[in-house]
Amino acid sequence: MTDSIAVHPDAVKWNGRYQTEGKKWQNGRPRQLLLDFAEKLPSPGLALDAAAGVGVHGLFLAERGWHVVALDISEVGLRLARERAVAKDLWLETAVLDLSHPWLPADTFDVILNFRFLERGTFPVYRQALKSGGWLLFETFVRPSRTVKDPDYFLEPGELLAAFSDFEVIHTAQQDSAGQFSGKMKRVEQLVARKP
């Protein structure tokens with residue numbers, strides 16, 4: 001981990017949260033979108049869990065035979081994910097990465113997961129990092145109003161579908177989704193798409 005990531009405001013925020021709430025987050029369940037499409041994914045291969053946090057989604061795939069690379073800005077969250085993977089003898093590699101400056105090798109991943117995280121700079125990176133026929137499962141928040149604080153953290157309605165319009169769209173939807181611990185309803189946009 002570089003010192004610049006260690007002092008990044010997002011790293012400080014999430015390291016603090018996972019330090020105090022990490023075990024609770026680990027007991028959360030994967031997003032319903034992943035549960036709904038897990039059996040439709042290609043045969044287990046290499047998956048990327050972007051903005052993985054404590055690795056709930058990546059561990060879910062690892063339990064099903066996938067080799068998973070989990071990326072996050074929080075070394076604390078990734079340490080918790082790695083500890084759980086080791087305890088369960090699962091193939092999960094972790095790397096601390098600031099996804100606001102993403103780089104991934106081309107034609108590498110069979111599946112990319114992106115849940116509850118938005119960095120538009122990842123869109124072209126995900127496109128080139130997926131193998132032909134690779135799947136993208138993406139779900140994140142839609143901007144609730146024009147006056148929302150930090151609009152860069154929210155999609156415009158339809159933005160996700162437009163960004164991957166040349167992929168084979170398997171599923172797209174906007175719906176209200178309850179926060180895992182707060183129960184507060186927020187609008188999300190979902191996309192499941194396969195790279196041609």
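From the residues in region 31-46 that are of a type in the set (A, V, I, L, M) and in contact with an Asp or Glu (Cβ under 9 Å, 6 or more places away or on another chain), which one is nearest to residue 65 (Cα to Cα)? Among residues in region 31-46 that are of a type in the set (A, V, I, L, M) and in contact with an Asp or Glu (Cβ under 9 Å, 6 or more places away or on another chain), the one nearest to residue 65 (Cα to Cα) is 46. Among (1) within 16 Å of the chain's Cα centre (by Cα); (2) more than 13 Å from residue 137 (Cβ to Cβ); (3) at pLDDT 90 or above; (4) not aromatic (Phe, Trp, Tyr), where does residue 26 come up short? It fails just one condition, (3). The residues in region 122-164 that are modelled with pLDDT under 95 and either part of a loop (DSSP other than H, G, I, E, B) or among the charged types (D, E, K, R) (or both) can be counted, and the count is 14. Among the residues of region 125-146, none qualifies, meaning not one is under 24 Å from residue 16 (Cα atoms), exposed (fewer than 13 other Cβ atoms within 10 Å of the Cβ) and more than 17 Å from the chain's Cα centre (by Cα). If you filter region 64-73 down to residues that are within 25 Å of residue 122 (Cβ to Cβ), part of a loop (DSSP other than H, G, I, E, B) and not aromatic (Phe, Trp, Tyr), you find that the one that is nearest to the chain's Cα centre (by Cα) is 73. Of all the residues in region 38-63, those that are among the hydrophobic types (A, V, I, L, M, F, W, C) and assigned to a helix (DSSP H, G or I) number 6. Taking every residue in region 87-116 that is over 20 Å from residue 137 (Cα atoms) and pairing it with any residue that is among the hydroxyl-bearing types (Ser, Thr, Tyr) and surrounded by 16 or more Cβ atoms within 10 Å (Cβ to Cβ), at least 6 positions away or on another chain, the pairs with Cβ-Cβ distances below 8 Å are 96/74. Hey, among the residues in region 147-159 that are out of contact with any strand residue (DSSP E or B) (no Cβ under 6 Å at 6 or more places or on another chain) and under 18 Å from residue 102 (Cβ atoms), which one's surrounded by the most Cβ atoms within 10 Å (Cβ to Cβ)? Checked region 147-159; the qualifying residue surrounded by the most Cβ atoms within 10 Å (Cβ to Cβ) is 159. Scanning region 111-141 for residues that are more than 25 Å from residue 174 (Cα to Cα) and either touching a Phe, Trp or Tyr at 6+ places or on another chain (Cβ under 8 Å) or among the β-branched types (Val, Ile, Thr) (or both) turns up 129, 131. From the list 85, 81, 70, 95, the one residue that fits, being under 25 Å from residue 128 (Cα atoms) and surrounded by 17 or more Cβ atoms within 10 Å (Cβ to Cβ), is 70. Comparison of 84, 79 shows that the only residue that is of a type outside the set (A, V, I, L, M, F, W, C) and closer than 29 Å to residue 150 by Cα is 79.
Out of the residues in region 74-106 that are in a loop (DSSP other than H, G, I, E, B) and of a type in the set (D, E, K, R), state the one that is modelled with the lowest pLDDT. So, considering only residues that are in a loop (DSSP other than H, G, I, E, B) and of a type in the set (D, E, K, R), the one modelled with the lowest pLDDT is 98.
Surrounded by 17 or more Cβ atoms within 10 Å (Cβ to Cβ) and at negative phi, is that true of residue 162? Against the criterion (surrounded by 17 or more Cβ atoms within 10 Å (Cβ to Cβ) and at negative phi), residue 162 does not qualify.
The values are calculated or read from the model by the stated rules, or taken from the named source; none is laboratory data. Everything numeric here is computed off the predicted structure, so don't read it as measured data. Virtual Cβ from ideal backbone geometry, glycine too; neighbours counted across all protein chains shown.
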